[in-house]
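Report on the following structure.
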Amino acid sequence: MYCRRLGFDPDEHGLAVISVGGVGSLAKWCRLFTTYGIPTYVIFDNGTADDANGARRNDLLATIGVPEEEREELMGTSELRVTATWAVMGVDFETCLRGYFGDAYDVLDQEAKSASPGAAGKPLRARTIAEQLPLTEGTEGRDCLAELVQRLRTHTLQDE
């Protein structure tokens, strides 16, 4: 949704955005896709719910080629960090976006929670927020998301 709102339709370029069931599975899937020559851009967050000691994120960072001396700092970031082949959203996706969009994110989140309560409503809330979050030119949040979209675009178009 954010890609489309920022002028890039992943479907038009054969880009699939897939969930792999948490950061613990990312390294495995990244290795599989890479082995078969499938271009892969990894996006993950630093949520600790299924990785309290950081071992899974460390494995992922090693898999995507991040030097050991940089991993601890990346696992502690609260920001969105974007590179040519991967991106990390600090803390977790929601907290990261809330940090960039503040009250606008909170208001949309509360409205979406009222419309779709419970854990099952989380994907619907995320979609509602993505559709309505103000992506005003020149704001830090929009700029960060635009950088991510540009990296996805560049990564995808290189392989066409």
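Computed from the coordinates by the stated procedures, all read-outs in this text should not be read as laboratory data. Owing to the predicted nature of the structure, the values given are computational and were not obtained by experimental measurement. Cβ placement follows ideal geometry from the backbone for every residue including glycine, while neighbour counts extend to all protein chains displayed.
For a quick check: sort Phe33, Phe101 by the number of other beta carbons within 10 angstrom, fewest at the front.
Phe33, Phe101
How large is ³J(HN,Hα) for each residue in the stretch 144-156, as worked out from phi by the Karplus curve 6.51 cos²θ - 1.76 cosθ + 1.60 (θ = phi - 60°), to whole Hz, x for Gly and Pro?
Whole-Hz 3J(HN,Hα) from phi for the stretch 144-156: 5, 5, 5, 5, 4, 4, 4, 5, 4, 4, 4, 4, 5.
Can you give the charge dipole size of the stretch 54-160 about its Cα centre, rounded to the nearest 20 debye, using +1 on the beta carbon of Lys and Arg and -1 on the beta carbon of Asp and Glu?
Details: 12 positive and 20 negative charges, 90 e Å.
Using only the charged Cβ atoms, the result is roughly 440 debye.
Got a sec to turn the phi values of the stretch 17-34 into Karplus ³J(HN,Hα) couplings, 6.51 cos²θ - 1.76 cosθ + 1.60 with θ = phi - 60°, whole Hz, x for Gly and Pro?
9, 10, 8, 10, x, x, 4, x, 9, 4, 4, 4, 5, 4, 5, 5, 4, 5
Cα atoms only: what Rg and Dmax, in Å, come out for the stretch 1-58?
In order Rg, Dmax, the Cα atoms of the stretch 1-58 give 13.5, 39 Å.
What residue among Thr83, Thr139, Leu60 has its Cα farthest toward the positive end of the dipole of the chain, where the charges are +1 on Lys, Arg and -1 on Asp, Glu, each on the Cβ?
In the chain, that residue is Leu60.
Please compute one quarter of the surface area of the Cα convex hull for the chain and express it in square nanometres.
It is 9.7 nm².
May I ask for the angle, rounded to the nearest 10°, between helix 93-115 and the longest principal axis of the chain, with both axes built from Cα atoms and the value confined to 0 to 90°?
50
Please order Thr128, Thr48, Thr136 by the number of other Cβ within 10 Å, starting at the fewest.
Fewest-to-most ranking of Thr128, Thr48, Thr136: Thr136, Thr48, Thr128.
For a quick check: sort Met1, Met75 by the number of other beta carbons within 10 angstrom, fewest at the front.
Working: Met1 14, Met75 18.
Listed from fewest to most nearby Cβ atoms, that is Met1, Met75.
Tell me the mean residue ellipticity at 222 nm calculated for the chain from its helices only (DSSP H runs of n ≥ 4, each -39500 (n - 2.57), averaged over every residue, nearest 500). Intermediate results must be reported in sequence, preceding the final value.
Values: 7 runs with 87 residues, N = 160.
Taken over the chain, the calculation gives -17000 deg cm²/dmol.
Please list, short to long, the whole-number percent of alpha-carbon pairs of the stretch 86-145 in consecutive 5 angstrom bins beginning at zero.
4, 19, 28, 26, 16, 7, 2
Could you pull out every residue, at least 5 positions away or on a different chain, whose amide H is within less than 5 Å of the one on Leu80? Hs are placed 1.01 Å off N in the peptide plane, and Pro or chain starts have none.
Amide H neighbours of Leu80, under 5 Å, 5+ apart: Gly90.
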